[in-house]
Amino acid sequence: MNRRTKILIQKYSLYGFILLVLYLLQNTPGLFAIGQIKPVLVLPFIVCIAMLEGELVGGLLGVAAGLLCDCGSSLIFGVNSLIFMVACVAVGLLVIYYMQPSLINSLLFTGALALARQLFEYFFYYLMWGYPNASLVLVKGMLPTVLYTLAVTPLFFWGVQKLYGWYKHRLDP
């Protein structure tokens with residue numbers, strides 16, 4: 001193996017390791033919880049990776065993050081994977097062709113993805129079955145989760161940007 005291949009393997013392995021650690025942190029009971037609300041930590045990470053690395057790496061990490069989230073979700077297995085993959089591929093392509101990787105765009109993409117995922121779950125698991133007071137689940141649980149996830153997004157954007165720049169410098173001396 002040449003030097004470039006070793007660095008790429010190291011970079012993508014680190015992305016996978018960070019993804020796994022973030023998943024474990026977001027599912028640790030009581031950690032980062034404000035009341036009953038916890039952020040979805042893997043979401044801003046994969047969106048920022050998709051913005052900087054492009055649609056292929058973003059889509060693959062989106063599938064991996066979705067599979068991890070499917071393990072701890074009440075949704076049918078594979079739904080998060082599909083949603084995250086499509087969203088990360090779309091984010092990667094939008095940044096390549098139309099937008100710039102910026103904090104505002106990462107907030108927009110993360111917010112749209114988090115809201116779409118929560119509304120999907122709300123519709124198919126609460127609203128469609130006619131649960132009484134289903135709107136309370138949306139207002140007191142799902143929307144605060146979206147806002148909390150958005151609040152931690154800048155940390156992920158800056159961290160992923162630094163990591164991406166460090167590896168880019170090592171790959172292109």
State whether the residues of the range 25-32 include one that is under 21 Å from L108 (Cβ atoms) and part of a helix (DSSP H, G or I).
-> no
Scanning for something under 19 Å from L14 (Cα atoms), in a helix (DSSP H, G or I) and open to solvent by 30 Å² or more (accessible area, probe 1.4 Å), does the range 130-148 turn up at least one residue?
-> no
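What's the total number of residues in the range 14-26 that are open to solvent by less than 70 Å² (accessible area, probe 1.4 Å) and either free of Cβ contacts under 8 Å to residues at least 60 places away in the same chain or under 15 Å from G66 (Cα atoms) (or both)? Steps first, answer last, please.
Within the range 14-26, the subset open to solvent by less than 70 Å² (accessible area, probe 1.4 Å) is 14-16, 18-19, 21-23, 25-26.
Now narrow it down to the ones that are either free of Cβ contacts under 8 Å to residues at least 60 places away in the same chain or under 15 Å from G66 (Cα atoms) (or both): 15-16, 18-19, 21-23, 25-26.
So the count comes out to 9.
How many residues, within the range 149-162, are under 30 Å from N2 (Cβ atoms) and surrounded by 15 or more Cβ atoms within 10 Å (Cβ to Cβ)?
Step one: list which residues in the range 149-162 are under 30 Å from N2 (Cβ atoms), which gives 159-162.
Within this subset, residues satisfying the condition of being surrounded by 15 or more Cβ atoms within 10 Å (Cβ to Cβ) are 160-161.
Summing the residues that are under 30 Å from N2 (Cβ atoms) and surrounded by 15 or more Cβ atoms within 10 Å (Cβ to Cβ) in the range 149-162 gives 2.
Does G165 satisfy being surrounded by 13 or more Cβ atoms within 10 Å (Cβ to Cβ) and either in a helix (DSSP H, G or I) or at pLDDT 95 or above (or both)?
No; evaluated as a whole, the condition is false for this residue.
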So P39 clears everything in (1) in a helix (DSSP H, G or I); (2) surrounded by 18 or more Cβ atoms within 10 Å (Cβ to Cβ); (3) not polar (S, T, N, Q) except one condition, right? Which one?
-> (1)
Consider only pairs whose beta carbons are under 8 Å apart and that are at least six residues apart or on different chains; among these, list those whose first residue lies in the range 85-104 and is open to solvent by less than 50 Å² (accessible area, probe 1.4 Å) and whose second residue is of a type outside the set (F, W, Y) and not in a helix (DSSP H, G or I).
-> G92/G54; V95/G54; V95/P101
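The values are calculated or read from the model by the stated rules, or taken from the named source; none is laboratory data. Quick caveat, the model's predicted, so the values are computed rather than measured. So basically every Cβ, Gly included, is an ideal-geometry build from the backbone, and we count neighbours across all protein chains shown. The protein model used for the area step is the full one, side chains on, heavy atoms only, and it has no ligands, DNA or RNA in it. Shrake-Rupley method; radii C 1.70, N 1.55, O 1.52, S 1.80 Å.
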